[in-house]
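Structure first, commentary second.
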Amino acid sequence: MAKNSREGNQSRKKRYYEALAERGIRPVQVLAPESAHPLIRQAAGLMTREDDPLEPRAALRRAGGANEPESGEASPALAVELEAAKARIAEIERQAEALRVMADDAAERQRRALEVEQEKAQASAEEAQKAAISAQVAEGRAAEALRRAEKAEAAIRQAKAMPGIKGRLVRFLAGDVLK
């Protein structure tokens, strides 16, 4: 089936009409004055578009311009409606601006609170680091004191174990320290 061949054209046309039939659209031939043809085509285009097709009455009204004023000037009711819509839009914009300002203020307050929390966390981390360093220093001192105590205990044991008169003299002079 080659492009622009009779069979290709027929199969494409068949697929096109089948797709239209699935959407509930059927071709029809209408007899109308020549001046109405562009309006009818425009209304048909509005009714058959794939995204957001219009109902037939709405499409015919829009194509015929039924909702548009006849003269170049807008009607007074339309002008009042337009002014009311502008006022509503202005009020909504003011409310949106107020909400934006409130959101900015809330974000700024939250940012400040987070900065304070971060500073507190950094300060507590520094304090914890200082405490850890102090604990290490204290542990080193305790280990040194334990070594000195072990040396002293060893010296006491040696003094207690001295034989003879020297040993008795040391035990007598030291007394309760050696116990």
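The table that follows gives values for the structure above.
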| item | result |
| --- | --- |
| Average Cα contact separation per residue, the chain, under 8 Å, 6 or more apart, as relative contact order % | 7 |
| Per-peptide average of other Cβ atoms within 10 Å, ordering 85-97, 51-63 highest first | 51-63, 85-97 |
| Charge dipole of the chain about the Cα centre (unit charges at C-beta), most positive-ward option of PRO56, GLN136, ILE165 | ILE165 |
| Ellipsoid equivalent to the chain - semi-axes via the Cα gyration tensor, in Å | 106, 34, 10 |
| Residue with peak Gaussian network fluctuation, the chain [Cα springs, cutoff 10 Å], from LEU99, LEU169, LEU146 | LEU169 |
| Size of electric dipole in the chain: Cβ of Lys, Arg +1 and of Asp, Glu -1, about Cα centre, debye, nearest 20 | 1960 |
| Among GLN118, GLN129, GLN158: highest mean-square fluctuation, GNM of the chain, C-alpha pairs under 10 Å | GLN158 |
| P(r), alpha carbons of region 10-54 - 5 Å bins starting at zero, rounded % | 5, 18, 23, 24, 17, 11, 2 |
| Set of lysines with alpha-carbon distance to LYS120 below 19 Å, sequence-local pairs under 8 removed | LYS130 |
| Full-stretch length increase - LYS166, LEU82 - with 0.36 nm per residue and alpha-carbon distance subtracted | 18.1 nm |
| Cβ charges +1 (Lys, Arg) and -1 (Asp, Glu), total dipole of region 10-54, debye | 280 |
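Read the figures in this text as sums done on the coordinates, not as results from a lab. Quantities reported herein were computed from a predicted structural model and do not represent experimental measurements. Neighbour counts run over all protein chains shown; Cβ positions are idealised from the backbone, glycine included.
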